[in-house]
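> Just passing along the structure, written as structure tokens.
Please treat every number below as a calculation from the coordinates, not as lab data. No experiment lies behind these values; they were computed from the predicted model shown. Cβ coordinates were reconstructed from backbone atoms using ideal geometry, including for glycine residues, and neighbour counts include every protein chain displayed.
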Amino acid sequence: MSENMPVQSNGGVADLEGRWRDIYTYLERPGPLANDGFEPGDQVKEFLHTLKILVIGAGGLGCELLKDLALMGFTDIHVIDMDTIDISNLNRQFLFRASDVGKPKAEVAANFVMKRVPGVKITPYFGKIQDKDEEYYNQFTIIICGLDSVEARRWINATVITMFDEEDPETFKPIIDGGTEGFKGQSRIILPRMSACYECSLDMQTKPTTYPMCTIANTPRLPEHCIEWASVLEWAKEFPDKKLDGDDPEHIKWLLDKASARAKEFNITGVTYTLTQGVVKNIIPAIASTNAIVAASCANEAFKIATNCATAMNNYMMYVGDQGVYTYTFELQKKEDCPVCGGKAIKVEINPAHTLEDLMDLLMDRKDIQLKKPSLRTGTKSLYMRAPRMLEEATRPNLGKQIRELMEDGEEVTVTDETLPISIQMTVRFTE
Amino acid sequence: MIDRRTQKYDRQLRLWHAHGQSALENANVCLLNGSAVGTEILKNLILPAIGSFTVVDGKAVEVADLGNNFFLTQECLGQSRAKCVTQLLNELNEEVEGKFLEEDPTVLIEANPSYFQQYSLIIASQLPTSSLLRLADICWETNIPLVIVRTYGLFGYARIAVREHHIVETHPDQIVDLRLDCPFPVLRDMVQGYDISQLDSMAYGHIPYIILLLMCLEEWKSVHDGKLPLTSTERSQFKDLIRSKQREDVGENQNFEEALAAAYRAWTPTKIPSHIQDILQDSAADNITEHTPTFWVIARAVRDFVTNEGGGYLPLAGTVPDMHADTESYVKLQTIYRTKAREDCAAVKERVKSILVSSGRSQDAVSEEEIERFCKNAAYLKVIRYRSLKEEYEQCTLTGKKIGNWLSDPDDNIVFYVLVRAADLFYERMQRYPGAGIENVDEDISPMRQCVSELLAQWDRPDAAVSDDLILEIVRAGASELHTIAALQGGIVSQEIIKLLTRQYVPLNNTVVFNGIKSGASVYAL
């Protein structure tokens, strides 16, 4: 497209003197609302143009973020995404075309922005965030997340916060996180151990709608109940060895037929293909506008944090666009006993006559830590470990034992879970 | 099974459905100035498949445009900005047709005011005040929705001006219309025919809470002269009455818990909300002609329904929330509500037809689906009549009174509206914005402060204060257009345009100011 334009090897582009006029207006002038330590001039420009920034996710938010960062003068951008492009992405993920369906998002998005914005280097990685280690994450100055899963957010949050060594300021990485749903969204800044982290606010997460099993099995009333019956119970019965794939039209069609038959039997109306897919995949409505708002807010904060040219948001913004325009910006409070950034053990109270299994259930019910498959050990022995298999078999009998047989009142127990890259310390207090 | 277009637009169809989509696809918008914020707005409209767009811009692409506008490349330098951005925007969606006009919008507004009549909506980006006011008059006279947008440094501004915008589907969190205090005959008969003493414990634990509330309320009214529980003592007595129906042999009490939690619905009288009453009585629904918008035709039919068949009530919505119940009783209840809603709606449809015929239109001029949606949402309608830009700018005392009140809070974002207006005043005098294109920023501070004072005096609020820090900060901004603010403001404005064009959800009334330092938006009716 621009072959006749010479690109210098240092990433700067000839003939584009004055391209950053609008950004430099801010970076060359002092201002009363600038952050402490802001020094206008060449140094801050150079820092902006050379620092490494990571974008996690190349979907709805990711596409916007890459564009936004490239046009705010960031020139060394990395992007991770494990997904390939689906047709339903095209209504908002504007770096993709119909001919890109099936290709890796990170690579297509990176190439597009590099081609459009001269001088920007975007390094894509097509894979999981868990593939990368601390050394990889340590190379970045700022990390921005445009993710759609709670688990990935928890993982990156815990990884980046655990990496922070207070004696080595280089290991301090601000995380900027965005999310959207329909006309609503939010953006936030996480400063490791200084401000609330993702884990501190885990109980703010709205859990996906679930339906009681007895309703699904015995008293369906809504079309959703019939769909859940087909996907949870009937599928497993019919195809015990096949994983249900919400993107496979054959699978959805099979569920649709099953659910429709059940709905007919119970005189329930409203089972459709769209609803079936929506329930099975837990589809969240998404539009370009909302992604634009949230991603731009994240990129704007990244620009302010990188340059200090103005103070950053403190520290959470909600955007609600369905009934007028409404935002709420507030300081989300750090939790002292946050298992990731608090450094204090969480407290659990239990009757010592109860069993270890009861304690496990108690932990899994807690909205603030949300464990799926916890393993437990004290300082001296394993209480229950899910892996390896030998250890699981050896510790399984403990599940039925009373707590008082296994530990002392006030003893510290270490909890690990596959959803978390770190362990949680827990103090168990006995109640009588 | 499912077509490609439905797949492509699946994530948005879940928000505004097929009829919202077709409204969007029938729209034809015009953007004045292919600025960074302008192209960002269009991007967010082209992706969901707006019908068509036109970019009007007389400028040639400058090097600084490449630093904030994603829809330009190096080879565009020196070429028409209208042409270049349109070309790259057109790549976003093959279903959308984009055109361009190489003309300075300020010239076009003066020379050819009738040009704008062909569009469903006009977006004015980064336009100077004098042209803007002229354009606003043209749009107001010809009844074309106008959306104004500005980015200024780390700040954003947008304003909607439409004579009248009405919304049927405002999308409340839930539609609740149970008529517990005034059950219609079929519902009352159903409850009276319900012999709960015969039920086994399983069935008893699955009586829908609506039935429980209706039964208890009937019993309550029979010993209280037909009155609802009014005082707090009566209300707790009513709750005790509900509790007294619980049976020892029934293990599960979820339906009773739901009944107690929803007890307030039983003692809240069903009535037409006053803002809905205002809409139904609006003079726009008095004399229906062949040009009356369909919204007002249906509103008139509903008004007449309420005073006749409806017996003082709106047409029933017909939705029943999910509740702990066995399938049969729930479906039966649902059928009763739905049937009654269909009957109410049929009556409204008849009225619509006869209104249409007597006003000289075909009786099918309003679709059945539209009437059905109106009836279902009758308690949640909304009509917004915006203040015109002319009124905002010319009725200084009123505008100033509002602004003065907001300004008394030093943290309020209204100050950025004042500062951008002052910068416009500065521009009128100097033909450049404060702090723009100069080396020494300090020399603009005092003339800018002067502009702020004059504006405040014009508004009769000479005492109102704007801090020196903020004046300095706005001079520092030098009218720069940062891409993040363009993208953010572009996102906000495109959401608003989608709401205006689909006539779903509620658009802002009428001004939004975004503060990119603290990160937050404030809305003002100016």
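> Note the angle between two axes, namely the Cα long axis of helix B:10-25 and the longest principal axis of the Cα atoms of chain B, as a number of degrees from 0 to 90, rounded to the nearest 10.
Approximately 70 degrees, to the nearest ten.
> So, in Å, what gap is there between the alpha-carbon centers of region B:69-103 and region A:409-428?
Spelled out, the Cα-based centre of one part sits 57 Å from the other.
> Oh, and also: Within chain B, what's the longest run with no GluC sites (Glu not before Pro) in a DSSP loop and at most 11 other beta-carbon atoms within 10 Å? Give the range, please.
Longest gap between qualifying sites, sites excluded: B:95-247.
> Also: Over region B:389-477, what is the relative contact order in percent, taking alpha-carbon pairs closer than 8 angstrom and at least six residues apart?
Values: 80 pairs, mean separation 33.0, N = 89.
Once normalised by length, the contact order is 37 percent.
> Could you pull out every one of the aspartates and glutamates with an alpha carbon less than 16 Å from that of A:LYS52, ignoring same-chain neighbours closer than 8 positions?
Counting by Cα, and skipping residues close in sequence, A:LYS52 has these aspartates and glutamates nearby: A:ASP68, A:ASP76, A:GLU134, A:GLU135, A:GLU170, A:GLU301.
> Answer with one residue from B:ILE474, B:HIS171, B:TYR264: the one whose Cα lies farthest towards the positive end of the charge dipole of chain B, charges on Cβ with Lys, Arg +1 and Asp, Glu -1.
B:TYR264
> Can you tell me the Rg and the Dmax, both Å, for the Cα atoms in region A:213-281?
So, for region A:213-281, Rg and Dmax equal 10.9, 32 Å respectively.
> Straight distance only, please: which lysines reach the Cα of B:LYS401 with their own Cα at less than 20 Å, same-chain residues fewer than 8 apart left out?
Cα-Cα hits under 20 Å: B:LYS390.
> Ordered by residue, what ³J(HN,Hα) values in Hz, to whole numbers, does region A:164-176 give under the Karplus form 6.51 cos²θ - 1.76 cosθ + 1.60, where θ = phi - 60° and Gly and Pro are x?
5, 10, 4, 8, 10, x, 4, 8, 7, 10, x, 10, 10
> Between B:GLY38, B:PHE238, B:PHE305, whose Cα lies farthest towards the positive end of the dipole of the protein assembly as shown when Lys and Arg beta carbons carry +1 and Asp and Glu beta carbons carry -1, centred on the Cα centre?
B:PHE305
> Let me ask something else about it. Net charge near A:PHE239, counting Lys/Arg +1 and Asp/Glu -1 over other residues with Cβ under 15 Å of its Cβ?
Within the 15 Å Cβ shell, the charges total -2.
> While we're on this one: Please identify the cysteines of chain B that lack any partner cysteine with a Cβ under 4.7 Å from their own Cβ.
B:CYS30, B:CYS139, B:CYS182, B:CYS216, B:CYS396, B:CYS451
> A further question on this structure: Can you pull out the trypsin sites (Lys or Arg not before Pro) in region B:56-115 whose DSSP state is coil and whose Cβ has at most 16 other Cβ atoms within 10 Å?
B:LYS59
> For the protein assembly as shown, I need the span (max minus min coordinate) of the C-alpha atoms along each principal axis, in Å, sorted largest to smallest.
88, 87, 58
> Can you give the relative contact order of chain B as a percent, counting alpha carbon pairs under 8 Å and 6+ residues apart?
The value is 20 percent.
> Quick one: among A:ARG389, A:ARG154, A:ARG116, which has the greatest mean-square fluctuation in a GNM of chain A with alpha-carbon springs under 10 angstrom?
Greatest mean-square fluctuation among the candidates belongs to A:ARG389.
> Could you tell me what percent of the DSSP beta bridges with both partners in the protein assembly as shown are antiparallel, to the nearest 5?
Just about 55 percent of them are antiparallel.
> On to the next question. Hey, what's the per residue convex hull volume over the C-alpha atoms of chain A, in cubic angstrom?
196
> How large is the charge dipole for region A:213-281, taken about the Cα centre, if only the Cβ atoms of Lys, Arg (+1) and Asp, Glu (-1) carry charge, to the nearest 20 debye? Each step should come with its number before you reach the end.
Working: 9 positive and 11 negative charges, 43 e Å.
Around 200 debye, computed over region A:213-281.
> For the Cα atoms of chain A, what angle does the longest principal axis make with the long axis of helix A:60-70, in degrees from 0 to 90, nearest 10?
Result, in degrees: 30.
> Further, regarding this structure: What is the angle, in °, between the Cα long axis of helix B:483-502 and the longest principal axis of the Cα atoms in chain B? Nearest 10 is fine, range 0 to 90.
Value to nearest ten degrees: 50.
> Treating only the Cβ atoms of Lys and Arg (+1) and Asp and Glu (-1) as charged, compute the dipole magnitude of chain B about its Cα centre; round to the nearest 20 debye.
Roughly 740 debye for chain B.
> Now a separate question. Taking region A:321-367, which trypsin sites (Lys or Arg not before Pro) meet the DSSP loop condition and have no more than 11 other C-beta atoms within 10 Å? If you can, show how the numbers build up before the last one.
Numbers: sites: A:LYS334, A:LYS335, A:LYS344, A:LYS347, A:ARG366, A:LYS367; in loops: A:LYS334, A:LYS335, A:LYS344, A:ARG366, A:LYS367.
Here the sparse-neighbourhood loop sites are A:LYS367.
> Which residues does a label at A:ASN218 reach in region B:198-219, if reach means a backbone N under 18 Å from a point 7 Å past the Cα toward the Cβ?
Under cut-off, by backbone N: B:199-209.
> Please list, by residue number, every one of the GluC sites (Glu not before Pro) in region A:260-338 that is coil in DSSP and has at most 16 other beta-carbon atoms within 10 Å. Please report the intermediate quantities before stating the final value.
Working: sites: A:GLU265, A:GLU301, A:GLU331, A:GLU336; in loops: A:GLU331, A:GLU336.
Taking region A:260-338 and a limit of 16 other Cβ atoms within 10 Å, the loop GluC sites (Glu not before Pro) found are A:GLU331, A:GLU336.
> Please rank A:HIS78, B:HIS224, B:HIS483, B:HIS291, fewest neighbouring Cβ atoms within 10 Å first, as an exposure proxy.
With the sparsest Cβ surroundings first, the list reads B:HIS291, B:HIS224, A:HIS78, B:HIS483.
> Can you give me the C-alpha center-to-center distance between region B:279-299 and region A:157-189, rounded to a whole angstrom?
53
> Calculate the length of the line joining the C-alpha centroid of region B:339-396 to that of region A:253-304, in whole Å.
30
> Can you return the lysines within cross-link range of A:LYS103? Criterion is Cα-Cα under 18 Å, with same-chain partners fewer than 8 residues away left out.
Leaving aside lysines fewer than 8 places away in the same chain, those within reach of A:LYS103 are A:LYS115, A:LYS128, B:LYS8.
> Determine ³J(HN,Hα), in whole Hz, for all residues of region B:166-183 in sequence, where each value follows from phi through the Karplus function 6.51 cos²θ - 1.76 cosθ + 1.60 and θ = phi - 60°; x replaces Gly and Pro.
Values, residue by residue: 10, 10, 8, 8, 7, 6, x, 3, 8, 9, 10, 8, 9, 6, 5, 7, 9, x Hz.
> In deg cm²/dmol and to the nearest 500, what is the mean residue ellipticity at 222 nm of chain B if only DSSP H runs of at least 4 residues count, each as -39500 (n - 2.57), divided by the residue total? Display every interim value, and only then the final one.
Details: 23 runs with 261 residues, N = 526.
Taken over chain B, the calculation gives -15000 deg cm²/dmol.
> Among residues other than B:ASP278 whose Cβ falls under 15 Å from its Cβ, what is the net charge (Lys/Arg +1, Asp/Glu -1)?
+2
> Take A:ARG404 and A:LYS243, extend 7 Å from each Cα along the Cα→Cβ direction, and tell me the distance between the two endpoints in nm.
4.6
> May I pose another question? 222 nm [θ] for chain A, helices only, -39500 (n - 2.57) per DSSP H run of 4+, per residue, to 500?
-9500 deg cm²/dmol
> Another question, then. What is the packing order of peptides B:203-209, B:273-279, taking the mean over residues of other C-beta atoms within 10 Å and listing the highest first?
Highest mean packing first, the order is B:203-209, B:273-279.
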